[in-house]
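Working notes for the structure below.
Where a number appears in this text, it was derived from the coordinates with a stated rule and is not lab data. Being a predicted model, the structure only gives us computed values, none of them experimental. Quick reminder, even Gly has a Cβ in these numbers, built from the backbone with ideal geometry, and neighbours come from all protein chains shown.
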Amino acid sequence: MKALKRILGVLWLALALAAAYFCIFIFGLPKFGTGKQDDLVFGIIILFILTPLIVLGLGTFGYYAIKGEYDNV
């Protein structure tokens, strides 16, 4: 079970990288080029509020899973 938790930790880190890519390059930055105020606000919210929350949450969970912090649970 400990090995499975560590493997899933790697999966969570990979998901954090994928979420960072999609939030920045697919959802966030293209909204700045449209010229609409609604898209600009949505892009700012995605880039500066949601992306750090998602990436740091998944990354922290994956990091602790790899380090073995959840082995006693």
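Quick look at the values:
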{"quantity": "Around Gly9: net Lys/Arg minus Asp/Glu count, Cβ-Cβ under 15 Å", "calculated": "+2"}
{"quantity": "Cβ-Cβ FRET estimate between Ile44 and Ile7, R0 fixed at 25 Å, reported to 0.05", "calculated": "0.10"}
{"quantity": "Point-to-point label distance, Asn72-Ile26, nm (Cα→Cβ direction, 7 Å offset)", "calculated": "3.9 nm"}
{"quantity": "Principal axis dimensions, the chain - Cα atoms, whole angstrom, descending", "calculated": "51, 15, 12"}
{"quantity": "Under the Karplus curve 6.51 cos²θ - 1.76 cosθ + 1.60, θ = phi - 60°, whole-Hz ³J(HN,Hα) for the stretch 14-24, x wherever Gly or Pro sits", "calculated": "5, 5, 5, 5, 5, 5, 4, 4, 5, 5, 7"}
{"quantity": "Of the trypsin sites (Lys or Arg not before Pro) in the chain, those whose Cβ has at most 16 other Cβ within 10 Å and which sit in DSSP loop", "calculated": "Lys36"}
{"quantity": "Relative contact order [Cα under 8 Å, 6+ residues apart], the chain, whole percent", "calculated": "52 percent"}
{"quantity": "Least to most buried among Leu4, Leu40 (fewest other Cβ within 10 Å first)", "calculated": "Leu4, Leu40"}
{"quantity": "Neighbourhood net charge (13 Å Cβ-Cβ; Lys/Arg +1, Asp/Glu -1) for Asn72", "calculated": "+1"}
{"quantity": "Mean ellipticity per residue at 222 nm, deg cm²/dmol - from DSSP H runs of n ≥ 4 across the chain, formula -39500 (n - 2.57)", "calculated": "-20500 deg cm²/dmol"}
